[in-house]
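Written below as structure tokens is the structure these notes are about.
The values are calculated or read from the model by the stated rules, or taken from the named source; none is laboratory data. Note that the coordinates shown come from a computational prediction; the quantities given were computed from them, not determined experimentally. Neighbour counts are summed over all protein chains in view; Cβ atoms, including those assigned to glycine, are modelled from backbone coordinates with ideal geometry. Surface accessibility is based on the protein's heavy atoms, side chains included, excluding ligands, DNA and RNA. Shrake-Rupley method; radii C 1.70, N 1.55, O 1.52, S 1.80 Å.
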Amino acid sequence: MTPQQAPGRRWLHIAAPAIISVVTYLVLQFAVSRAVGRPATFWSADAYRLSLDALVLLQLGPIMFSGVIVWPVMRARGATRLGAAIGVLATPIAFGIVSALGAMAFFAPAEAVYYGTNPIALGAVGSQVAMSGLGALIAARYRHRRTPSRRSWWSWPAFAAFIIGEIVLVACVIWDGGQHVFYVWIQVYRTLFPA
Amino acid sequence: MEVTRRQILGVAASSAAALGLAGCASDAGGRPVAVPVDAAAAERSKAAGAPNLVVILSDDHRADHLGREGTVPFLQTPALDAMAASGLTFNHAYCTTSLCSPSRASFLTGQYASRHGVQNNLSAWIAGTTTVFDGLASAGYRCAYIGKWHMPGDLPDLPGVERFITFTVQEGQGRYIDCPLIIDGVETPRPGTYVTTDLTDYAIAWLAEQDPSTPFCLFLAHKAVHHEFIPPADLLGTYDDVAVTLPDEAFTFQTLLDRNVWEGTAGRLETAYRRYCETLLGLDREIGRLVTSLDDLGFASDTAVFYTSDNGYSWGEHVLTGKRWAYDDNIRLPLIARWPEGIPDPGAVREEPILNIDLAPTLLDLAAVPIPASMQGVSLVPLLRDEPVQWREEIYYEYFEDFPYQVPASRAVRTADYLYIEYDRGLPPELYDTSIDPEQLSNVADDPAYAQTRAELSALLAQLRGEYA
């Protein structure tokens, strides 16, 4: 018999993957901000470079790719589709908020908020949608192999999420370095904040 | 809230405009506009033996990246080295704003961004702004502007030039490959071309049309070596195997930091840097081709050629990848002049602080055209001729906010021994003693030993701001 969980703990249990993703991102972000530009605080120049490179690249995990785990685990723990989607998008949204807060030092508040919608944040949302689709497919395949049934494990909606998310990611970040979307984003900025 | 059909259509229309769709049907601009020749001015210019003028402006080429400097052991720039050996190098040339559009406007107008109004990559070029071409054309010069215009706003028709070739794709940044050109106002696809070579071809073709009895001014503005750092196909990979030494504070993926991420270098810093150097190698080759064509056409001896860049570039210094800060890596420019008839000491190096706004008055001075009072720069002609002259001892620098780049608006003063920077917001003042800290890494603004220096430089900065801004 499964012990009954209090609603708060049950919510925490379901949301844990998303929370871990957000916290991991925030911790890495803090570490980068503390270490960057301070090679003298490391025991060697190589250690500084290796550490910073590792921290910056590790950040991409929660920002871009954690959906591959967050979606299926949250769903397996009983999250609704909407709940899991919020969980998956929590880290890229946190990334957008942190970006906007950082931009406050340089731009007016409204501009800083707009900064939070930058193409990299949008690309991160796309990537997480794609990763969710991929995660859903992998989890379905895994379940199907463990408990074979006559029903197909394949999910067209999950596959569509993967493809659409990848398209958004490619457009915002990868295709010509994302500059096409970047220029549209700047044009919208000009419209919203005329000089 | 009730939303009317009119409102929906209005939002759709403004969205289309924001996406640039509305521009498809609009006038491309970019036509040359004739300026009447002032017979007296033309006569004066002729009597003075005014030389032909060629300006080659590159993009983001930092000053210490010349083969002859030896700063980058593997880098080769034989054409620029040859130009320097037969001409004059200005070792302390600076831009007044280290950003493409403002600096380009400063080259053309001889004015600070505060005055010409192109303060960042978003503020529009003001139609009717007087450029150096107005004066040159009225003195009988045939002028051409070929290459990157990259001033915000609609592409203007350009008074004073008889040939105007440029591009507007990607917000005026252009493309290295297949870059469509606007040739005298006509949009022209250029499939199968590499932009540095294509622009040089047009420049050489225009030079070949010139009549030796009429002076000319060619302004050739390259996209290279701006990102995306795409070298000509045959040079791609030339520097793949060389060892790249980054500054101590730099690291490979600093390109992904918020402060750098919009600079178009996302990925490995070393790889982007190698491509930058290869793109520069390709640019140098095209400069060599242009200079050789001047020789072949018989223009070399009475043509003053200037090579410079709009601003410098950081490759890891201060953990930066880009050009918007007041540090030397960003504000110092390569500036080489070649003028066989006018430079008495080929191969010489000058140490005076020079500004990009000095170019326009220099061109007018060479053409014996009076320098308008509106120009804030000073003619370099006495320095070219090695004549005695009272020269400025410090330079004033200004930078304006440019969304989304996380660089505060700033003003700075650079003297022989110090760099002092004040920011509008976000960062405290910075002071560097460049006599002992040439890399500008140790901010001594709060060091009591420099309190008086800081106070003096702050006062000087305020005074210069009053004079120039």
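Annotations
- Think of the range B:380-458 as a dipole: +1 on every Lys or Arg Cβ, -1 on every Asp or Glu Cβ, centred on the Cα centre; then among B:Pro428, B:Tyr396, B:Thr453, B:Tyr396 lies furthest on the positive end.
- Measuring with a 1.4 angstrom probe and ignoring ligands and nucleic acids, B:Asp345 comes out at about 80 Å² accessible.
- Remark on the protein assembly as shown: hydrodynamic radius 27.1 angstrom, per the Kirkwood mean of 1/r across alpha carbon pairs.
- The B-A contact accounts for approximately 3200 Å² of buried accessible area, totalled over both chains at a 1.4 Å probe radius.
- Partner chain coverage, peptide B:168-174 - average Cβ within 10 angstrom: 2
- Shown are B:Thr214, B:Thr255, B:Thr130, whose ranking by accessible area with a 1.4 Å probe and every protein chain present, most to least, is B:Thr130, B:Thr214, B:Thr255.
- Helix-only CD estimate at 222 nm, as mean residue ellipticity for chain A, using -39500 (n - 2.57) per DSSP H run (n ≥ 4): -24500 deg cm²/dmol
- Taking amide H as placed 1.01 Å from N in the peptide plane, the amide H of B:Leu355 sits under 5 Å from that of B:Tyr94, each at least 5 places away or on another chain.
- Intensity falloff of chain B expressed as log10 I(q)/I(0), Debye formula with alpha-carbon point scatterers, at q = 0.07, 0.09, 0.13 Å⁻¹: -0.35, -0.59, -1.25
- Beta bridges per DSSP with both ends in the protein assembly as shown, % antiparallel, nearest 5: 50
- Each Lys and Arg Cβ is given +1 and each Asp and Glu Cβ -1; about its Cα centre, the protein assembly as shown then shows a dipole of about 4360 debye.
- DSSP beta bridges in chain B [antiparallel fraction, %, rounded to 5]: 50
- The range A:12-80 and the range B:238-264: distance between their alpha carbon centers, rounded to Å: 22
- Rg over Rh [alpha-carbon atoms, Kirkwood Rh] for chain A: 1.05
- Heavy-atom accessible area order for B:Tyr418, B:Tyr194, B:Tyr397, largest first, 1.4 Å probe: B:Tyr418, B:Tyr194, B:Tyr397
- The range A:1-122 - percent of accessible surface contributed by carbon and sulfur, probe 1.4 Å: 73
- For the range A:127-147 and the range B:301-337, distance of Cα centres in Å: 51
- Residue mean of other protein chain beta carbons inside 10 Å, B:419-432: 1
- Average accessible area per residue (Å²) across the protein assembly as shown - probe 1.4 Å, nucleic acids and ligands excluded: 43
- Rounded to the nearest 20, the size of the Cβ-charge dipole of chain B about its Cα centre is 1120 debye, with Lys and Arg at +1 and Asp and Glu at -1.
- At 1.306 mPa s and 10 °C, Stokes diffusion of the range B:328-430 via Kirkwood alpha-carbon radius, µm² per second: 100
- Between B:Leu181 and B:Thr188, B:Arg190, the built amide H atoms are under 5 Å apart, and every one of these is 5 or more places off in sequence or on another chain.
- Take each residue in B:245-254, count the other chain C-beta atoms within 10 Å of its C-beta, and the mean is 6.
- Taking every DSSP helix (H) stretch of at least 4 residues in chain B, weighting each as -39,500 (n - 2.57) and dividing the sum by the residue count yields a mean residue ellipticity at 222 nm of -8500 deg cm²/dmol.
- Note on A:Arg10: accessible area is roughly 110 Å² with a 1.4 Å probe, heavy atoms of protein only.
- The listed peptides B:402-412, B:371-381, B:280-290, B:440-450, ordered by packing as a protection proxy, come out as B:280-290, B:402-412, B:371-381, B:440-450 (highest mean of other Cβ atoms within 10 Å first).
- Partners for B:Lys148 among lysines (Cα-Cα distance below 26 Å; same-chain residues under 8 apart left out): B:Lys223, B:Lys323
- Report note on the peptides A:176-182, B:38-44, B:195-201: ranked by the mean count of other C-beta atoms within 10 Å, highest first, their order is B:195-201, A:176-182, B:38-44.
- Here chain B exposes an accessible surface that is 53 percent carbon and sulfur, computed with a 1.4 Å probe and the other protein chains kept in place.
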